[in-house]
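K.L.:
Before we start, here is the structure in question, set down as structure tokens.
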Amino acid sequence: MSYTPFNAPILAGLLGDREITACFSVKVEAAAWALFESALARSQAGEGMIPAESARAIAQVCATFEADMARITEATARDGVPIPEFVRQMRAIIGEPHGQYLHRGATSQDVIDTSLVLRLRPVIEKLRARLEALQVAFDSLDFRFSAQQIMARTRMQTALPVTVSRRIRDWREPLARHVERLVELSPRLLRLQLGGPAGTLAEMDGKGEDVAIGMAGILGLATPSGNWHAQRDAVVEFASLLSLISGTLGKFGQDIALMAQNEFGEVALSGTGGSSAMAHKQNPVKAEALVTLARFNATLVSGMHHSLVHEQERSGSAWALEWMLLPQICVAAGASLRLALELAGSVTAMGSDPA
């Protein structure tokens, strides 16, 4: 076991997702910090706040800079955030007179929050692509088995025969709504963060809004109406949507696990799991994992709602709680979609011929 299943040598293959996990790697995060600093310098130079030569020097270092992460780890234990040490190291490489213009008017939260949304952007793209692929996979199952019959069960009791197509509809239709939700949410979530020490951009010489517009253009992010240091609703809304996605897929997994029971035999799967004690068993491992991940995200998302409670203009404790929870929720949602695609592809038979 490990402190998180997503980097555990044993469990990561079942419950993890390499593509989504990679978006939260230290290397990718530090590269996003550097992207912020480069965009800030370039935009400020465009507004005449810093010399163009300094912006070029900063951008050049940002493009290749590799931070000493061991020292950043030590400094974070003291400072509570990694950016002060990151900026110190980068200034030492840039040198004077240009280094003094690095990070001008910004604060650590600007860097960290903007780097978060830069890394969430590919997460959203991957999740959307998988949601759409899973709709196609369910359409394929419907095409192959739609006329077959299964027994409908309400409250776990036998009801009436229905077509396989009827049950697949319950798996497929929420996926289209989740895609719509991702598309609708993205502009609210993928926004630049720039507020400065107290969220007022007071150290931007009255040019803060223009700098923000320039940065957003460089980074391909939406320009916010103001800073959202203590307004975490879009981040929590995203986490809630991920829990909805994994919950929808948990329903698919639960149905398949029940249909695969020997007593019913309503679905046949390839690549099922084996038992160390009973050679005859064919365990629906992927279906079970979908249920686990749905319950995992349903548990973590409550913590994200706690992270909405920021004190005044910035909270260290609520912010750090978000750092702990959100990456795991993202990986769990990604793993759910990966497993659901694999499970749908493993179905070799479903239902029985109508009488």
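K.L.:
Which of the residues belonging to the range 73-95 are within 17 Å of Ala59 (Cβ to Cβ) and assigned to a loop (DSSP other than H, G, I, E, B)?
P.N.:
Gly95
K.L.:
Given the conditions (1) modelled with pLDDT of 90 or more; (2) more than 29 Å from Ser346 (Cα to Cα); (3) surrounded by fewer than 20 Cβ atoms within 10 Å (Cβ to Cβ); (4) not aliphatic (A, V, I, L, M), and given that Ser307 satisfies all but one, which numbered condition is not satisfied?
P.N.:
With (1) modelled with pLDDT of 90 or more; (2) more than 29 Å from Ser346 (Cα to Cα); (3) surrounded by fewer than 20 Cβ atoms within 10 Å (Cβ to Cβ); (4) not aliphatic (A, V, I, L, M) applied to Ser307, the lone miss is (3).
K.L.:
If you scan the range 156-207, which residues turn out to be farther than 25 Å from Thr248 by Cβ, surrounded by fewer than 19 Cβ atoms within 10 Å (Cβ to Cβ) and of a type in the set (A, V, I, L, M)?
P.N.:
Hits for the range 156-207 are Ala198, Ala202.
K.L.:
Could you check the range 322-355 and list, in sequence order, the residues that are more than 26 Å from Arg128 (Cα to Cα), not charged (D, E, K, R) and not in a strand (DSSP E or B)?
P.N.:
Within the range 322-355, Gly351, Pro354, Ala355 qualify.
K.L.:
Restricting the range 24-47 to residues that are outside any helix (DSSP H, G or I) and either touching a residue at least 24 places away in the same chain (Cβ under 8 Å) or charged (D, E, K, R) (or both), which is farthest from Asn7 (Cα to Cα)?
P.N.:
Among those that are outside any helix (DSSP H, G or I) and either touching a residue at least 24 places away in the same chain (Cβ under 8 Å) or charged (D, E, K, R) (or both), it is Glu47.
K.L.:
Go through the range 107-136 and count every residue that is over 19 Å from Asp233 (Cα atoms), touching a helix residue (DSSP H, G or I) at 6+ places or on another chain (Cβ under 7 Å) and of a type outside the set (Gly, Ala, Ser).
P.N.:
Matching residues across the range 107-136 total 8.
K.L.:
Same structure again: Any residue at all in the range 154-166 that's touching a helix residue (DSSP H, G or I) at 6+ places or on another chain (Cβ under 8 Å), part of a helix (DSSP H, G or I) and free of Cβ contacts under 8 Å to residues at least 24 places away in the same chain? Before you say what the answer is, go through the steps one by one.
P.N.:
Filtering the range 154-166 down to residues touching a helix residue (DSSP H, G or I) at 6+ places or on another chain (Cβ under 8 Å) leaves 164-165.
Cutting the leftovers down to part of a helix (DSSP H, G or I) gives us 164-165.
Now drop any that are not free of Cβ contacts under 8 Å to residues at least 24 places away in the same chain, which leaves 165.
The answer is yes, given that some residue of the range 154-166 is touching a helix residue (DSSP H, G or I) at 6+ places or on another chain (Cβ under 8 Å), part of a helix (DSSP H, G or I) and free of Cβ contacts under 8 Å to residues at least 24 places away in the same chain.
K.L.:
Let me ask something additional. Filter the range 49-87 down to the residues that are without any contact (Cβ under 8 Å) to a residue 12 or more places away in the chain and among the hydroxyl-bearing types (Ser, Thr, Tyr), then identify the one that is nearest to Asp210 (Cα to Cα).
P.N.:
Step by step, filter the range 49-87, then rank; the result is Thr64.
K.L.:
Taking the options Gly247, Gly217, name whichever one is surrounded by fewer than 17 Cβ atoms within 10 Å (Cβ to Cβ) and in a helix (DSSP H, G or I).
P.N.:
Only one candidate qualifies: Gly217.
K.L.:
When you look at Gln135, is it in a helix (DSSP H, G or I), surrounded by fewer than 20 Cβ atoms within 10 Å (Cβ to Cβ), of a type in the set (S, T, N, Q) and in contact (Cβ under 8 Å) with a residue 40 or more places away in the chain, yes or no?
P.N.:
Judged against the criteria, Gln135 is a match.
K.L.:
So the check is Cβ under 6 Å with 6+ separation or different chains; which pairs have a first residue in the range 295-312 that's over 25 Å from Leu249 (Cβ atoms) and touching a residue at least 60 places away in the same chain (Cβ under 8 Å) and a second one that's charged (D, E, K, R) and buried (at least 17 other Cβ atoms within 10 Å of the Cβ)?
P.N.:
The qualifying pairs are Leu308/Arg232.
K.L.:
Also: As an exercise: evaluate Ile124 against (1) over 30 Å from Ala45 (Cβ atoms); (2) surrounded by fewer than 18 Cβ atoms within 10 Å (Cβ to Cβ) and give the number of the one condition it does not meet.
P.N.:
With (1) over 30 Å from Ala45 (Cβ atoms); (2) surrounded by fewer than 18 Cβ atoms within 10 Å (Cβ to Cβ) applied to Ile124, the lone miss is (2).
K.L.:
Yes or no: Met90 surrounded by 20 or more Cβ atoms within 10 Å (Cβ to Cβ), over 30 Å from Leu182 (Cβ atoms), touching a Lys or Arg at 6+ places or on another chain (Cβ under 8 Å) and not acidic (Asp, Glu)?
P.N.:
Spelling it out, it is not the case that Met90 is surrounded by 20 or more Cβ atoms within 10 Å (Cβ to Cβ), over 30 Å from Leu182 (Cβ atoms), touching a Lys or Arg at 6+ places or on another chain (Cβ under 8 Å) and not acidic (Asp, Glu).
K.L.:
How many residues does the range 251-262 contain that are loosely packed, with under 12 Cβ neighbours inside 10 Å and either among the β-branched types (Val, Ile, Thr) or modelled with pLDDT of 80 or more (or both)?
P.N.:
Initial filter on the range 251-262 (loosely packed, with under 12 Cβ neighbours inside 10 Å): 261-262.
Keeping just the survivors that are either among the β-branched types (Val, Ile, Thr) or modelled with pLDDT of 80 or more (or both) gives 261.
Count: 1.
The values are calculated or read from the model by the stated rules, or taken from the named source; none is laboratory data. Predicted, not measured: the structure shown is a model, and the values here were computed from it. Here Cβ is always computed from backbone atoms with ideal geometry, including for glycine, and neighbour counts include all displayed protein chains.
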